[in-house]
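Chemist: What follows is a single structure, and I will ask about it in a moment.
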Amino acid sequence: MSRPADLSALAQCWTDALAAWAIPPHIVDAATRDPWMLPVLCFSGRADRAVNDPAGVSFERAAEALRENPGSVLDVGAGAGAASLPLAAWATTITAVDGKAPMLEAFAERAAAAGVDHREVLGSWPAAAADVVPHDVVVVHHVVYNVADIVPFLGALDAKAKRRVVLELPPHHPLSWMNPLWKQFHGVDRPVVPIAGDLVEILGAMDVADLRTDYWQQFDPAAADGSDSESLDERSALVAQRLCLSEAREPDVAAALTDIDPGYHRDVVTISWTPGSASRNGTHR
Ligand SMILES: C[S@@+](CC[C@H](N)C(=O)[O-])C[C@H]1O[C@@H](n2cnc3c(N)ncnc32)[C@H](O)[C@@H]1O
């Protein structure tokens, strides 16, 4: 039986690759602000744009599992609900799981405005799965590059889904676009792995059913630097913080950002599968 060995080797590569994203101690120790901070405003803006204009492969994959027969939706790492709230028209209820209370507050406010039944679970997945019943569709957008121990995380998604799991992530680590800035401001080379393909391999080794991977581009006016903010001042402030630079360096960062022009399309990957197998294969439960 080579599969379990393959899976554990692939999972270890994922863990090691993410560990390499730690900021070198001499830089992070000198920082006055948290470089890993996740601004709630960015994610509430994302959720609002997603609700106003529901579109894209991830939305379609989830919606097609609900349109004919509405059902419950579980949003893991929900933020303000960008993955689940666009599905509200066909959702009998939406459960949001997130490790950060302000994100869940932003989600609850928007779910109430959408008039959909909702529940919030504060906690870290997969531990929080103990407080969640299976839902028809599980969505998890832009979370996995944060998850070092990936197999139990994926196994718990599978175990809590009845019809489909839809996972969205960028093809590369979401902060890899900043690698040239790390070189410019600190002279350090940042990692280039893991990538979405590594996750697809892990799911393949878990033997999930109907595994499907779509690479596509999402129009997003805030995609220009991955910060999810629209003004250059806001982007420069956040990017300086992420680079462990002081407020005084924000004008330098603004100048560097204007040299980077990724346009208004964000590369994204949608991975979906039919639940059941990962749990049966002993990776969860
Ligand atoms: C980059 S945001 C994405 C939010 C939302 N899914 C979206 O697409 O806009 C990642 C979110 O996942 C949450 N998160 C990260 N790891 C988590 C975990 N293991 N369990 C629960 N929440 C997690 C963070 O607190 C954050 O709100």
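The values are calculated or read from the model by the stated rules, or taken from the named source; none is laboratory data. Since the structure is predicted, the reported quantities are computational estimates derived from the model, not experimental observations. Positions of Cβ are backbone-derived with ideal geometry, glycine not excepted, and every protein chain shown enters the neighbour counts.
Chemist: Only one of these conditions is not met by VAL138: (1) surrounded by fewer than 16 Cβ atoms within 10 Å (Cβ to Cβ); (2) within 15 Å of the ligand (Cβ to nearest atom); (3) farther than 13 Å from ALA47 by Cβ. Which number is it?
Modeler: If we test VAL138 against (1) surrounded by fewer than 16 Cβ atoms within 10 Å (Cβ to Cβ); (2) within 15 Å of the ligand (Cβ to nearest atom); (3) farther than 13 Å from ALA47 by Cβ, just (1) comes out false.
Chemist: Now, a different point. How many residues are within 8 Å of the ligand (Cβ to nearest atom) and either among the charged types (D, E, K, R) or surrounded by fewer than 22 Cβ atoms within 10 Å (Cβ to Cβ) (or both) when one looks only at the range 101-124? Explain how you work it out, then say what you get.
Modeler: We begin by selecting, within the range 101-124, every residue within 8 Å of the ligand (Cβ to nearest atom); these are 103, 123-124.
Subsequent filtering for residues that are either among the charged types (D, E, K, R) or surrounded by fewer than 22 Cβ atoms within 10 Å (Cβ to Cβ) (or both) retains 123-124.
Residues that pass the stated criteria total 2.
Chemist: Considering each residue of the range 233-248, count those that are surrounded by fewer than 16 Cβ atoms within 10 Å (Cβ to Cβ) and part of a helix (DSSP H, G or I), and give that number.
Modeler: Step one: filter the range 233-248 for residues surrounded by fewer than 16 Cβ atoms within 10 Å (Cβ to Cβ), giving 233, 246-248.
With part of a helix (DSSP H, G or I) added as a condition, the list becomes 233, 247-248.
Here the count works out to 3.
Chemist: Can you tell me which residues in the range 141-153 are under 23 Å from ALA50 (Cβ atoms) and more than 8 Å from the ligand (Cβ to nearest atom)?
Modeler: Our first condition is that a residue be under 23 Å from ALA50 (Cβ atoms); within the range 141-153, this holds for 141-147, 153.
Across the range 141-153, the qualifying residues are VAL144, TYR145.
Chemist: At pLDDT 95 or above, small (Gly, Ala, Ser), within 30 Å of GLU64 (Cα to Cα) and touching a Gly at 6+ places or on another chain (Cβ under 9 Å), is that true of ALA222?
Modeler: On the way: at pLDDT 95 or above: no; small (Gly, Ala, Ser): yes; within 30 Å of GLU64 (Cα to Cα): yes; touching a Gly at 6+ places or on another chain (Cβ under 9 Å): yes.
So ALA222 does not fit the description; no.
Chemist: Every residue in the range 33-55 that is within 14 Å of the chain's Cα centre (by Cα) and basic (Lys, Arg), please.
Modeler: ARG46
Chemist: Please determine, by comparing only the residues of the range 188-209 that are part of a loop (DSSP other than H, G, I, E, B) and not hydrophobic (A, V, I, L, M, F, W, C), which one is nearest to LEU169 (Cα to Cα).
Modeler: Among those residues, the one meeting the criterion is PRO194.
Chemist: List every residue pair whose Cβ atoms sit under 6 Å apart, with the two residues 6 or more apart in sequence or on different chains, where the first one lies in the range 114-132 and is over 9 Å from THR95 (Cβ atoms) and the second, anywhere, is away from the ligand (no atom under 13 Å from the Cβ) and in a strand (DSSP E or B).
Modeler: VAL116/ALA91; ASP117/THR93
Chemist: Further, regarding this structure: Is it the case that ALA83 is within 12 Å of the ligand (Cβ to nearest atom), under 22 Å from PRO275 (Cα atoms), modelled with pLDDT of 95 or more and not hydroxyl-bearing (Ser, Thr, Tyr)? Step through it out loud before you land on a result.
Modeler: On the way: within 12 Å of the ligand (Cβ to nearest atom): yes; under 22 Å from PRO275 (Cα atoms): yes; modelled with pLDDT of 95 or more: yes; not hydroxyl-bearing (Ser, Thr, Tyr): yes.
Here the answer is yes, as ALA83 does meet what is asked.
Chemist: Only one residue in VAL51, VAL76 is within 16 Å of the ligand (Cβ to nearest atom), out of contact with any Lys or Arg (no Cβ under 6 Å at 6 or more places or on another chain) and under 27 Å from ASP198 (Cβ atoms). Which one?
Modeler: Numbers: VAL51 fails: under 27 Å from ASP198 (Cβ atoms).
Checking each option against the conditions leaves just VAL76.
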